[in-house]
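The values are calculated or read from the model by the stated rules, or taken from the named source; none is laboratory data. Here the structure is a predicted model, which is why all the values come from computation and not from measurement. Heads up, the Cβs are rebuilt from the backbone with ideal geometry, glycines too, and the neighbour counts pull from every protein chain shown. Heavy atoms of the whole protein, side chains included, go into the accessibility calculation; ligands, DNA and RNA do not. Shrake-Rupley method; radii C 1.70, N 1.55, O 1.52, S 1.80 Å.
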Amino acid sequence: MKFVDEYRHSTLLKNQLAELRRGITQRWVIMDVCGGQTHSLLRHGLEEALDDVLELAHGPGCPVCVTPAEVIDDAVKLAKRPDVVLASFGDMLRVPGHTGSLLQARAAGAEVRTVYSPVDALQLAAKEPHKQIVFFGVGFETTAPATALAVLQARQLKLRNFSLLVHHVRVEPAMRAVIQLPDNRVQGFLAAGHVCTVTGFAHYRKFVDEFQVPVVVTGFEPSDLLAGLTECVRLLELRKPQLRNQYERAARPEGNVHAQHLIDEVYAVATIPWRGFGEIPDGGLVLRSQLSDFDARRRFGIIASPSSSDGECRSVDVMAGRIKPPDCPLFGNRCTPDMPVGAPMVSSEGACAAYFSYARPFERNHE
Ligand code: SF4
């Protein structure tokens, strides 16, 4: 397939792997902060192929995984109202909160629907004016513009039966949270290429200067990931903490200015809770006060649920790079994609689901 095969060709990947291995003198710890990259590294056997020379950590880059259980609880509360239809992405329905998941709420009679975009939820509101449609939106800066567009359209159309429960999060503050952990071991970062297509990547210069770690903007295909890792290793070996872009075909320093304006118009940057990490300064986006009529919690008088621990799930240790998913005692026995205990086993971008589904040798994919 054009624009895919050329980034997955076996000979190219084998050459890239050989080049990467040649340049390594110590087992550096490099973190991706993107569920798509995590899955690609596992699916294509790259983690396995590099494990003896490089430690790959998979940070808090899966939006479903970092949505706190108490926010799921608020979504369940909303869904249980007889006048509300709760609409969200499929993965969100399966994530357990403290009071169960949205799927369980649906089984108990709540009206919960799967949608593929916030615009689908908006169309639902236009079609079913006698019902209150609440869109439960999560995600990084990549999905925030679509939610922003939906709420602006709802205001323009004067739709009184559409509102939002949002938990949009920002990548760079999460990287700050990881690197400032007292037991941090991460020495270099791959920055998520698709997020950089929206936000740009110039802002990482400050991060690099402040924490003296290399950051390499990287794509998702296996050859992109190997190029990003090779550059990150090169900078680490040279002791040169610098910012590089290995995803030039899509990411620009300034990003997508139109999408950034949409985000600025609709959201304010705020300190919000992340699952496992607690409150992250500037870690999220909340609706601006002039759009508070569209805030579902406010409209329905939902008092934000209190936070509490994730019990036996060790997702924060996985996302902080302390352990790999198979090190969690529940992995593959009490916690599987069919019976998930924690969000990283539910989500199509979660690290635990990636290990469960794909952990296999490079050769099996690239014979
Ligand atoms: Fe949590 Fe399950 Fe992953 Fe363990 S295997 S960290 S319980 S999601």
*Odd one out for Arg239, checked against (1) touching a Cys at 6+ places or on another chain (Cβ under 8 Å); (2) assigned to a loop (DSSP other than H, G, I, E, B)*: (1)
_Considering only residues that are over 24 Å from Val64 (Cβ atoms), open to solvent by 20 Å² or more (accessible area, probe 1.4 Å) and touching a strand residue (DSSP E or B) at 6+ places or on another chain (Cβ under 7 Å), which ones fall in the stretch 150-200?_
Arg185, Gln187
_Sole residue being within 9 Å of the ligand (Cβ to nearest atom) and of a type in the set (Gly, Ala, Ser), chosen from Ala354, Ala343, Ala320_ = Ala343
*asked:* Suppose we filter the stretch 33-54 for residues that are in a strand (DSSP E or B) and open to solvent by 30 Å² or more (accessible area, probe 1.4 Å); how many remain?
replied: 0
*Is there a residue being at pLDDT below 95 and polar (S, T, N, Q) anywhere in the stretch 315-322?*
yes
_Unique residue being outside any helix (DSSP H, G or I) and either touching a strand residue (DSSP E or B) at 6+ places or on another chain (Cβ under 8 Å) or at pLDDT below 90 (or both) when the list is Ile72, Ile30_ = Ile30
_Give all pairs with beta carbons closer than 7 Å in which a residue from the stretch 142-164 that is assigned to a loop (DSSP other than H, G, I, E, B) meets a residue that is open to solvent by 40 Å² or more (accessible area, probe 1.4 Å) and of a type in the set (D, E, K, R); count only pairs at least 6 apart in sequence or on separate chains._
Asn161/Lys131
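Considering only the stretch 143-188, how many residues are of a type in the set (A, V, I, L, M, F, W, C) and farther than 30 Å from Val85 by Cβ? Steps first, answer last, please.
Filtering the stretch 143-188 down to residues of a type in the set (A, V, I, L, M, F, W, C) leaves 144, 146, 148-152, 154, 157, 159, 162, 164-166, 169, 171, 174-175, 177-179, 181, 186.
Filter once more, so that each one left must be farther than 30 Å from Val85 by Cβ: 171, 174-175, 177-179, 181, 186.
Selection size over the stretch 143-188: 8.
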*Do you know which of the residues in the stretch 269-286 that are open to solvent by 30 Å² or more (accessible area, probe 1.4 Å) and at pLDDT 95 or above is nearest to Ala320 (Cα to Cα)?*
Pro281
*Which pairs have Cβ atoms under 6 Å, sit 6 or more apart or on different chains, and link a residue in the stretch 334-350 that is among the hydroxyl-bearing types (Ser, Thr, Tyr) to one that is more than 7 Å from the ligand (Cβ to nearest atom)?*
Ser347/Cys62; Ser347/Val64; Ser347/Cys65; Ser347/Asp91; Ser348/Asp91
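Would you kindly identify the helices (runs of 4 or more DSSP H) lying entirely within the stretch 166-216 that contain at least 2 residues that are within 14 Å of the chain's Cα centre (by Cα)? Steps first, answer last, please.
Values: elements: 171-179, 193-199, 204-211.
Correct list: 171-179, 193-199.
Quick one: which of Asp73, Asp52, Asp32 is among the charged types (D, E, K, R) and in contact with a Gly (Cβ under 6 Å, 6 or more places away or on another chain)? Give the steps one after another, and end with the answer.
Details: Asp52 fails: in contact with a Gly (Cβ under 6 Å, 6 or more places away or on another chain); Asp32 fails: in contact with a Gly (Cβ under 6 Å, 6 or more places away or on another chain).
So the residue among Asp73, Asp52, Asp32 that is among the charged types (D, E, K, R) and in contact with a Gly (Cβ under 6 Å, 6 or more places away or on another chain) is Asp73.
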*Would you point out the residue of the stretch 323-334, among those that are more than 7 Å from the ligand (Cβ to nearest atom) and part of a loop (DSSP other than H, G, I, E, B), that is surrounded by the most Cβ atoms within 10 Å (Cβ to Cβ)?*
Lys324
*Which one of these is more than 8 Å from the ligand (Cβ to nearest atom), open to solvent by 60 Å² or more (accessible area, probe 1.4 Å) and at pLDDT below 95: Pro337, Pro306?*
Pro306
*Assess whether Pro82 counts as being open to solvent by less than 30 Å² (accessible area, probe 1.4 Å) and part of a loop (DSSP other than H, G, I, E, B).*
no
*Within the stretch 130-139, identify whether any single residue is in contact with a Gly (Cβ under 9 Å, 6 or more places away or on another chain), in contact (Cβ under 8 Å) with a residue 24 or more places away in the chain and not aliphatic (A, V, I, L, M), and answer yes or no.*
no
*What are the residue pairs meeting all of these: first residue in the stretch 283-294, first residue under 23 Å from Pro60 (Cα atoms), second residue open to solvent by less than 20 Å² (accessible area, probe 1.4 Å) and among the hydroxyl-bearing types (Ser, Thr, Tyr), Cβ atoms under 8 Å, and 6 or more apart or on different chains?*
Leu285/Tyr267; Val286/Tyr267; Leu287/Tyr267
*The one condition in (1) in contact (Cβ under 8 Å) with a residue 12 or more places away in the chain; (2) under 25 Å from Lys77 (Cα atoms) that Leu103 fails to fulfil*: (1)
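Condition test on Val76, is it open to solvent by less than 10 Å² (accessible area, probe 1.4 Å) and farther than 20 Å from Ser163 by Cα?
On the way: open to solvent by less than 10 Å² (accessible area, probe 1.4 Å): yes; farther than 20 Å from Ser163 by Cα: no.
The answer is no for Val76.
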